[in-house]
Amino acid sequence: MSLAQRAADLLTANAKTITQLPVTIGLDGFVDSIIRAVDKRESTHQFTTLPTISALVERLARAAGKSSNLELWVERIKLGGNGPIMANALAAFGAPTTYIGNLGYPHIHPAFEEFAKHATVLSIAEPAFTDALEFDDGKLMLGKRKTMLDVNWTNLVTRVGRDRLQELFANSKLIGLQNWTMLPEMSDIWQHVLEEICPKLQTRHTFFFDLADPESRSRDDIAHALGLIAKFQQYFETYLGLNEKESHQIAAALGYQGADDVPAVAKYVHEKLQIAGVVVHPRAFAVAASRAGLVKVTGPFVEKPLISTGAGDHFNAGFCLGQLIGADDEVALQIGVGNSGYYVRTAKSPTVLELAGFLRTL
């Protein structure tokens, strides 16, 4: 039986079980504008777009010293942020989902209204905004993040409540506090959780971290965050999710000096942090390093995705779903790459049965 078939069968068998697995995700919140950069406009309704980031770079380089005018075509406006996209994907699976973050305060921003129909939303601040310029070979995320400063421990305690936070951490089968890079107060929040919430927990569940591209943070800040993540292993089965670029940045912060080989990097980071697992998802495959060893799974790569913003968050949701229903690392990776593959082809978060059906076609 193929790996994809095994993953599909496990999902089908657990479709109802998932509705009994509560999850809590946070803490960011963005309104995303999905944008294409126009190359040539031929008429009111017809135009071509710049296909690659390199093409955009060449266009900008030609403007140096001369100025230029670049049209940005907004294809859609949607909920964004590592946390909301991952939580939305988990809710689509049927998992009872609670989301904490900056989705609009005191009123939910319209971009999150549909999400709030399928998840319990506890919003503590106004959202940030991202212009996501999409290309065939990647994306450029241009963020306006001032409101992220309002995502802090004081607002969490004041607007969610200490008792509610304790209850969510105690009862959720999965916790994920995502996007450390763009939340300046996240390390402080993690510290408070470790000191004030974790010691009261009686049951050991899963905690998943996604730092989000830490290039803009100092090496000392990164090292401090990684130290905090390692401490969560005392209370949770703790996983760190990274894309390929992030994996090299994290490994470098931990002193890695070997070849830029993704499996080797994942293994090194796992050995350094001594957490349950480290997961790395380049565009065409994914790797997991854990106490069970090192595994690699090839993904259903597509050359021209309908959407790429949120692909990594859908991988994270799929991998975590696998962990929740008892999959081994290899099957969990297959569910992760399958969920990401479905999403980039359709711009839609699949249900469990839709994902199982897609996996059976691989």
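Bear in mind that the values in this text are calculations on the coordinates, not laboratory data. Only a predicted model underlies this, so the values are computations on that prediction, with no experimental measurement involved. Don't worry about glycine lacking a Cβ; one is built from the backbone with ideal geometry, like all the others, and counts go over all protein chains shown.
How many percent of all Cα-Cα pairs in region 12-138 sit more than 26 Å apart?
Working: 3349 of 8001 pairs.
Everything past 26 Å amounts to 42 percent.
Which entries of LYS245/LYS296; LYS40/LYS66; LYS245/LYS304; LYS146/LYS348; LYS117/LYS173 have Cα-Cα distances beyond 24 Å here?
Working: LYS245/LYS296 17 Å; LYS40/LYS66 19 Å; LYS245/LYS304 20 Å; LYS146/LYS348 29 Å; LYS117/LYS173 21 Å.
Among LYS245/LYS296; LYS40/LYS66; LYS245/LYS304; LYS146/LYS348; LYS117/LYS173, the Cα-Cα distance tops 24 Å for LYS146/LYS348.
Ranking THR48, THR346, THR181 by Cβ neighbours within 10 Å, fewest first, what do you get? Could you put the intermediate results ahead of the total?
Details: THR48 11, THR346 14, THR181 23.
Ranking THR48, THR346, THR181 by Cβ neighbours within 10 Å, fewest first, gives THR48, THR346, THR181.
Let me know the shape class of region 197-345, please: from the alpha-carbon gyration tensor, a ≥ b ≥ c as square roots of the eigenvalues, rounded when a/c is under 1.5, otherwise prolate if a/b is greater than b/c, or oblate. Don't jump to the answer; show the numbers that get you there.
Details: a/c = 1.62, a/b = 1.20, b/c = 1.35.
It comes out oblate by the Cα gyration axes.
Considering all alpha-carbon pairs of region 244-316, what whole percent are spaced by more than 22 angstrom? Walk me through the numbers on the way to the answer.
Details: 620 of 2628 pairs.
Pairs farther apart than 22 Å: 24 percent.
Given the -39500 (n - 2.57) contribution per DSSP H run of 4+ residues, what per-residue ellipticity at 222 nm results for the chain, rounded to the nearest 500 deg cm²/dmol? The partial results should precede the final answer.
Values: 13 runs with 140 residues, N = 362.
Theoretical 222 nm ellipticity from helices: -11500 deg cm²/dmol.
Run the quick spin-label model on ASN69 and THR154: label points 7 Å from Cα toward the beta carbon, then report their separation in nm to one decimal.
Reported label-point gap for ASN69 and THR154 is 4.7 nm.
Given a Förster distance of 35 angstrom, what is the FRET efficiency for GLN233 paired with LEU306, based on the Cβ-Cβ distance and rounded to 0.05?
Values: r = 38 Å, r/R0 = 1.07.
Plugging the Cβ-Cβ distance into 1/(1 + (r/R0)^6) gives 0.40.
Would you mind computing, in nm to one decimal, how far apart the modelled labels at ARG76 and GLN274 are, each placed 7 Å from Cα along Cα→Cβ?
My value for the distance between the label points is 4.5 nm.
In the chain, what is the volume of the convex hull around the alpha carbon atoms, normalised per residue and reported in Å³? Mind showing how you got there, number by number?
Numbers: hull volume 53.6 nm³, N = 362.
Dividing the Cα hull volume of the chain by its residues yields 148 Å³.
Less than 13 Å Cβ to Cβ from LEU149, Lys/Arg counted +1 and Asp/Glu -1: what total charge do the surrounding residues give?
Residues close to LEU149 contribute a combined charge of -2.
Which of GLN166, LEU149, LEU194 sits farthest toward the positive end of the charge dipole of region 124-222, with +1 on the Cβ of Lys and Arg and -1 on the Cβ of Asp and Glu?
Highest projection toward the positive end goes to GLN166.
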